[in-house]
Amino acid sequence: MSYPVEGHPFNARYPIPPKTRVLIVGTAPPERFSRVLNSGEELLGDVSFYYGSRDNELWLKILPAITGFRFDGPTSEIKRQKMIDFLVIRRIWMHDIFEKYVRARLGSALDSDLRLLKPSDFKSVLRGHRTIDHVIFTGGLAERETCRYMVRERVIKVSNVLGRMPRSRTLELEGRSIRLHAVPSPSAMTRRSGMTVKQKISIYRQVLNEACPDLCDEIAL
């Protein structure tokens, strides 16, 4: 059975702001987020933004635990603006590697069911935003596909990614050093693998403490 080709709903809609230092890279949101852009109808609890699924723990649990900041509000528009303001002020942004893709199962939100057709032009992303010095991959698939793309584009020579998360390495690109980090997916579905929210918070805190140390200091303010 052939399923529809999807285009990423947020990469072009929310371009990377100037002066961004930390780029968070995932795969793609659940299929319903592409429909929302056309219908304007969100599921209760969803926010039409990166990691905005009601089943995703990044905005709901992980970042609040690390920073003490809550992204709640009476409407999804207010929540989204809180997310955007939080990222821009701290020079963090998000941009997924999957630009066009299909799913092996209709309606599935699992990374394992995604089939990449066209990656984001990550080489141009890094060249066009020379202030980026840390890239954080939220999951193994985002890391693998980005590294494969960069091998094809001759940005790096090998794409092997080994070791337990969090894992980090340094990319040398045109006279600058960029730290690449891989952390577990913030999706609640990763609990099936036995990873708890507390473990994810600890891993994200460790990586963010290197990439954006002021962020982890906020809870103490």
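The values are calculated or read from the model by the stated rules, or taken from the named source; none is laboratory data. Being a predicted model, the structure only gives us computed values, none of them experimental. Backbone-built Cβ (ideal geometry, glycine too); neighbour counts: all protein chains shown. Accessible surface areas use protein heavy atoms only, side chains included; no ligands, DNA or RNA. Shrake-Rupley method; radii C 1.70, N 1.55, O 1.52, S 1.80 Å.
A compact table of results
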quantity	calculated
Pair list, Cβ < 6 Å and 6+ apart or interchain, from region 149-166 residues that are farther than 22 Å from SER124 by Cβ to residues that are modelled with pLDDT of 75 or more and in a loop (DSSP other than H, G, I, E, B)	MET165/PRO184
Pick from region 53-87, criterion in contact with a helix residue (DSSP H, G or I) (Cβ under 7 Å, 6 or more places away or on another chain), part of a loop (DSSP other than H, G, I, E, B) and not hydrophobic (A, V, I, L, M, F, W, C), ranking: farthest from ALA28 (Cα to Cα)	GLY68
Residue within region 15-22 that is hydroxyl-bearing (Ser, Thr, Tyr), closer than 18 Å to LYS118 by Cα and outside any strand (DSSP E or B) present	no
Enumeration of residues in region 192-214 that are of a type in the set (D, E, K, R), touching a helix residue (DSSP H, G or I) at 6+ places or on another chain (Cβ under 8 Å) and open to solvent by 20 Å² or more (accessible area, probe 1.4 Å)	ARG205
Candidates ILE132, ILE136, filtered to the one that is buried (at least 16 other Cβ atoms within 10 Å of the Cβ), modelled with pLDDT of 95 or more and in a loop (DSSP other than H, G, I, E, B)	ILE132
Which numbered condition CYS147 fails, given (1) surrounded by 19 or more Cβ atoms within 10 Å (Cβ to Cβ); (2) at pLDDT below 95; (3) within 23 Å of GLU31 (Cβ to Cβ)	(3)
For ILE178: the one exception among (1) in contact with an Asp or Glu (Cβ under 9 Å, 6 or more places away or on another chain); (2) among the β-branched types (Val, Ile, Thr); (3) closer than 25 Å to GLY7 by Cβ	(3)
Enumeration of residues in region 167-189 that are outside any strand (DSSP E or B) and of a type in the set (A, V, I, L, M, F, W, C)	ALA188, MET189
Unique match (being surrounded by 18 or more Cβ atoms within 10 Å (Cβ to Cβ), of a type in the set (A, V, I, L, M, F, W, C) and within 15 Å of the chain's Cα centre (by Cα)) among ALA182, ALA188	ALA182
Odd one out for PHE98 among (1) surrounded by fewer than 18 Cβ atoms within 10 Å (Cβ to Cβ); (2) touching a Leu at 6+ places or on another chain (Cβ under 6 Å)	(1)
Checking ASP72 against (1) open to solvent by less than 60 Å² (accessible area, probe 1.4 Å); (2) under 22 Å from ARG205 (Cβ atoms), the condition it does not meet	(1)
Residue that is surrounded by fewer than 14 Cβ atoms within 10 Å (Cβ to Cβ), in contact (Cβ under 8 Å) with a residue 24 or more places away in the chain and in a helix (DSSP H, G or I), where the choices are SER112, SER34	SER112
